[in-house]
1. Quick one: A:GLY60 ticks every box in (1) modelled with pLDDT of 85 or more; (2) assigned to a helix (DSSP H, G or I); (3) not aromatic (Phe, Trp, Tyr) bar one, so which box is it?
2. Mind checking whether some residue in the range A:49-70 is aromatic (Phe, Trp, Tyr) and within 14 Å of chain B (Cβ to nearest Cβ)?
3. Can you tell me which residue among B:VAL195, B:VAL155 is more than 14 Å from chain A (Cβ to nearest Cβ) and either free of Cβ contacts under 8 Å to residues at least 24 places away in the same chain or within 30 Å of B:SER59 (Cα to Cα) (or both)?
4. Which number in (1) modelled with pLDDT under 85; (2) buried (at least 23 other Cβ atoms within 10 Å of the Cβ) marks the one condition that A:LEU234 misses?
5. Suppose we filter the range A:114-138 for residues that are within 7 Å of another protein chain (Cβ to nearest Cβ) and closer than 13 Å to B:PRO286 by Cα; how many remain?
6. Take the residues in the range B:262-293 that are more than 8 Å from every other protein chain (Cβ to nearest Cβ) and touching a Phe, Trp or Tyr at 6+ places or on another chain (Cβ under 8 Å); name whichever of them is nearest to B:GLY239 (Cα to Cα).
7. Is there any pair linking a residue in the range A:10-28 that is under 15 Å from A:LEU188 (Cα atoms) and of a type in the set (A, V, I, L, M, F, W, C) to one that is modelled with pLDDT of 80 or more and surrounded by 13 or more Cβ atoms within 10 Å (Cβ to Cβ), with Cβ under 8 Å and at least six apart or on different chains, and which?
8. For A:GLY241, state whether it is more than 22 Å from A:SER66 (Cα to Cα) and within 20 Å of the chain's Cα centre (by Cα).
Amino acid sequence: MKKAGKVHKPTTTRKRLFLFILFGWLLLILGDRVGDLELYQGSFVATYALAITSIVLLTGYSGQLSLGQSALMAVGAYAGALSIFNAGWHPVVGLIMSALVAGVFGLVLGLVAARLSGPYLAGTTLALAISLPTLANQFPILGAEEGISFDVGPSPARFGEDFSQYKWFFWISALAALIMVFFIVNLLTSRYGRTFKAVRDNPVAAQLSGINVGRLKVNAFAISSGVAGLSGGLLVMLISGVSPSAFPLSLSFSLLGAAVVTGLYSLKGVILGGLVLVAIPEIADSLVSRIGGSEGFTTVLPGFIVSALLILAVVFTPNGPGHLLKKHH
Amino acid sequence: MTQFITAVLTSLSSGAIYALMAIAIVLVWRSTRVINFAQAGQAVLTTYIGYTVIQRTGSFWVALVVAVVSGAVIGAVIDRFFMRPIFKRVKSGPIVMIAPVVATLGLLGIIQAVIGFVWGITNQSIEAPVSTGGYKVMGTVIAFSNYNLLVLVFVAVAMLLLTLLFQKTNIGLALRASAYSPEIAKLSGIKVDSVRTLGWAIAGASGGLAGMLYIPGYFLYPNAMDLLLVLGFIAAVIGGLESLFGAVAGAMILGFAIIFSTTYISPKLFFPTAFIVLILVLLVKPAGLFAPKKSRGA
């Protein structure tokens, strides 16, 4: 912890790049030491962390509350799946398309959203989250209920025979998440990123200082949508197919919950958020196997734990756990 | 022709149910500036209480009264012992906007989990108190029954009672005053906090009624009212979130749009229609159809 009064030196981009590469390298080493199950779970952690990043960016930094993040993830997922499955493009291009198409979609949506505030935006995005996945049933090219496959193919031969599919998933998702988060962190610490915080904290003052609040909100929506789209693409890569049922409304709510639990105003907690989302069903399972219980009990326990966490987070650390630590020192 | 008549009547009865939920949302929004997602949980909980009463007494009507009363009590308890302490703790910063949403979402999860613990997660059903067989019009049976008529009548009576309460009584005046300007209401000697709790109670009763009228057509399970909550919320937003009339109008617009598009175009258009109607309304009027002129700063 830094001492009070000491001037805080901002982390430079180069230093941050070094930290990200170091972290990625540590992940690679770790990936070699653990089994397939852990790798698979790790891929989900990276994917969820990315989705939570999109919420932190939109809600924490630009003050727009969206309940439709799962819909934007679905847009990205379908865009990626179509690029790979129908157009036959390289999986990496497919994932880039996930981010791009969702970003453009978010740009259009953001033009509407910038006019709306608070509950109106929440309502619109909520309606989007329930309606968009069912739209997929309307168009045969999107594969209706069964969906379409999202196959990134086996790991390249040069990595050797015992390089498992799960390790390949982990590499892709961790790398994609790291690159994207690096980009977002740099954006937010830049001069442009500071205007986000200005608008969030006081839109009127920001406007008076010459910031175009409307355009900024639209941009934030578009970038956040792109990030959500990439995480949607990664998510369906992990379950190797995209269908309307992969993006229920509850996904939006879980992600928002995880974002609140680990801190809406800082990107530092996003990995923790991903871990929470992956770990809770596991914890609930082990709890149930220890104390025993009916099938109904097993089904509702994860929901109970998540909800209790949400409420505790709002009551005790409304600005994130990091904020609480800062206050105590 | 019969298809058209069926569509109109079904739209009315669907719209009526959405209206009850929309009113519950609007009442809470007006009194505390909270979108109460827990309403789905509260309504389904009261319906489970009603279900238990039916199991014990065999009477739908007793169950209906118990459900509405317990809805009011649960609403008041949630505001007094859950929302008010949270508002006391979370006062500043952008989290103020998000905290109530997250808190009510968390509460929704807790209520649904508790229902799962107590009643289990399997589907239950509630027998409708009157015939659900469709009427015969020009020789063909249409999808509108005594039960749908009953729903319409109940909702109409509830609207009437609420309108009388709000327009003709002192309590109604206090409710409107605290919603319009809490500070001035407080200065005029209105106990704003208690009035807010009363708003939550009326909303809870409205949700309880919605549950008991909605569930007999479907099944009862912990998440049974989620869809209705979303539709009620959309209807409330269409209506502008501030007026009860707006909520009913929004619900009817939504009911007609959904039923007509699913009848005449494709049954898969249920949700997309809701979204399209909402976005069209908000593009023209960003604060809903019947929002007051004065901006209220959500």
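1. (1)
2. Quick first cut of the range A:49-70, residues aromatic (Phe, Trp, Tyr) only: A:61.
If we keep only those that are within 14 Å of chain B (Cβ to nearest Cβ) as well, we get A:61.
Within the range A:49-70, one or more residues are aromatic (Phe, Trp, Tyr) and within 14 Å of chain B (Cβ to nearest Cβ).
3. Working: B:VAL195 fails: either free of Cβ contacts under 8 Å to residues at least 24 places away in the same chain or within 30 Å of B:SER59 (Cα to Cα) (or both).
It is B:VAL155.
4. Of everything listed in (1) modelled with pLDDT under 85; (2) buried (at least 23 other Cβ atoms within 10 Å of the Cβ), A:LEU234 misses just condition (1).
5. Filtering the range A:114-138 for residues within 7 Å of another protein chain (Cβ to nearest Cβ) gives A:115-120, A:122-124, A:126-128, A:130-131, A:134-135, A:137-138.
From what's left, closer than 13 Å to B:PRO286 by Cα: A:115-120, A:122-124.
The qualifying residues number 9.
6. Within the range B:262-293, the match that is nearest to B:GLY239 (Cα to Cα) is B:PHE290.
7. Every condition considered, the pairs that remain are A:LEU17/A:PHE182.
8. Details: more than 22 Å from A:SER66 (Cα to Cα): yes; within 20 Å of the chain's Cα centre (by Cα): yes.
For A:GLY241, the condition - more than 22 Å from A:SER66 (Cα to Cα) and within 20 Å of the chain's Cα centre (by Cα) - is met.
The values are calculated or read from the model by the stated rules, or taken from the named source; none is laboratory data. Because the structure is predicted, anything quoted here is derived from the model rather than measured. When we count neighbours, we look across all protein chains shown, and the Cβ atoms used for this are built from the backbone with ideal geometry, even at glycine.
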